[in-house]
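Taking it in order: structure first as structure tokens, then the write-up.
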Amino acid sequence: MPRIELRGITKRFGDVVAAKDVNLTIEDKEYVTFLGPSGCGKTTLVKIISGIWEPTEGEVLIDGKRMNEVPVEDRDLGYVFQSIALFPHMTVLSNTVYAPIVKDFPVEERDKIAQEVLDLVDLLDRKKFFPGELSTGAQQKAGLARALASQAKLLILDEPLSALDARVRVDLRYELRRLVKDLGLTAVHVTHDQEEASSVSDRIVVMRAGRIVEIDSPENLYNNPKSIFTANFVGEMNFLQGAINKLRDYWAIIELRNQEYLTLRNRDFRLGAAIILAMRPENLRVEELRGTRLGNAIPGRIKSIRFMGSYLRYEVLLASDDYVFVDSFAGEEFKEGEQVAVSFDETNILTFPAPREGLSEVIKLE
């Protein structure tokens, strides 16, 4: 069964370092996604795993066997490309049966395998169609069927949904997850779409500038990210910059700009330390502005309102001169320009030490 190990993988293209000292283990039957902005090195790593590229330094092991210099065709994997790579002159069935033919499967098995995988991806009734007669979503399903027909236990998915319409992407990503788990495959998926990564993965590998930033389950990366970059890239996040103004037993008073304050439980803060506060838009609340301020609330003014379908998104300029987005799913509706208060639940506020290079430098994508 395919267990993948990357040991000290570095890939250089001249002076450009596409991957730097990457160490990672992907367990058998695990669905792992490489997530990051364009140019972060995620596609470089899957091409090294698959044998399309050789690492400049380091080793690739599959099931404990060193795979450096082993060609793609000898790595026993199925590959689904970003571009829909089907033979246009061949039917869906002929495209699907191609891998069993190349692998020299017995003649009596070839059609049986092709029929089974086309049934799995719901294309059996269109097996005699040519690729040009299918929608883009159906074409990518045919590409997936061809990869599955190889009977490989390792599936490489390189931006497989990026060329599809939004609704088709949502439907197909759940199909991908179901097929991988039902067939007991090990899947390595590349995407820049954090929603796609969260919906299919057992673990997500967040990458930036050729390095792994963080590895964890989708839930942990969303709720408890360990880095500011991950907090910003996985989901949406508001950031406030402040300093520890006072420490009182179990509590800490955080001073923001313009002498605005928030109170948090003391998390081993140091008096005077600069910190970054991070909170999701859905964890904030817009309230009517009252004469007496209660709890963790900061006055502000609504700058814009966006209808997002199931909720309203308020953009609020706080008295601290910070902008925050607040997602409101129910309750009172407010108007642009209205004076309001934004309420902060301290249990949903993440804190990070203020980075020396500055917040904007830490969260920038390139």
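Report whether or not Val316 is of a type in the set (A, V, I, L, M, F, W, C), assigned by TED's automatic domain parsing to the domain that holds Leu247, farther than 13 Å from Leu262 by Cα and at pLDDT 95 or above. Answer is yes for this residue.
Of all the residues in the stretch 178-202, those that are under 14 Å from the mean Cα position of the chain (by Cα) and assigned to a helix (DSSP H, G or I) number 7.
Quick grid of which residues meet (1) closer than 30 Å to Ala209 by Cβ; (2) hydrophobic (A, V, I, L, M, F, W, C); (3) in the same structural domain as Tyr261 (by TED's automatic domain parsing):
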position	(1), (2), (3)
Val286	no, yes, yes
Ile298	no, yes, yes
Ile302	no, yes, yes
Gly309	no, no, yes
Asp321	no, no, yes
Glu333	no, no, yes
Ile349	yes, yes, yes
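Checking the stated criteria, Gly36 turns out to be at pLDDT below 95 and either of a type in the set (A, V, I, L, M, F, W, C) or surrounded by 14 or more Cβ atoms within 10 Å (Cβ to Cβ) (or both). Scanning the stretch 319-343 for residues that are under 19 Å from Gly235 (Cα atoms) and either at pLDDT below 95 or of a type in the set (A, V, I, L, M) (or both) yields Val324, Val326, Ser328, Phe329. Just one of the listed residues (Val22, Val92) is farther than 18 Å from Ala187 by Cα and either among the acidic types (Asp, Glu) or at pLDDT 95 or above (or both), and it is Val22.
Report yes if some residue within the stretch 89-100 is touching a residue at least 40 places away in the same chain (Cβ under 8 Å), surrounded by fewer than 16 Cβ atoms within 10 Å (Cβ to Cβ), more than 23 Å from the chain's Cα centre (by Cα) and in a loop (DSSP other than H, G, I, E, B); otherwise report no. Explain how you work it out, then say what you get.
Taking the stretch 89-100 as the starting set, the residues that turn out to be touching a residue at least 40 places away in the same chain (Cβ under 8 Å) are 89-90, 92, 95-100.
Now narrow it down to the ones that are surrounded by fewer than 16 Cβ atoms within 10 Å (Cβ to Cβ): 89-90.
Still in the list and also more than 23 Å from the chain's Cα centre (by Cα): 89-90.
Adding the requirement that they be in a loop (DSSP other than H, G, I, E, B) leaves 89-90.
Scanning the stretch 89-100 turns up at least one residue that is touching a residue at least 40 places away in the same chain (Cβ under 8 Å), surrounded by fewer than 16 Cβ atoms within 10 Å (Cβ to Cβ), more than 23 Å from the chain's Cα centre (by Cα) and in a loop (DSSP other than H, G, I, E, B).
The values are calculated or read from the model by the stated rules, or taken from the named source; none is laboratory data. Only a predicted model underlies this, so the values are computations on that prediction, with no experimental measurement involved. Reconstructed Cβ throughout: ideal geometry from the backbone, glycine too, with neighbour counts over all protein chains shown.
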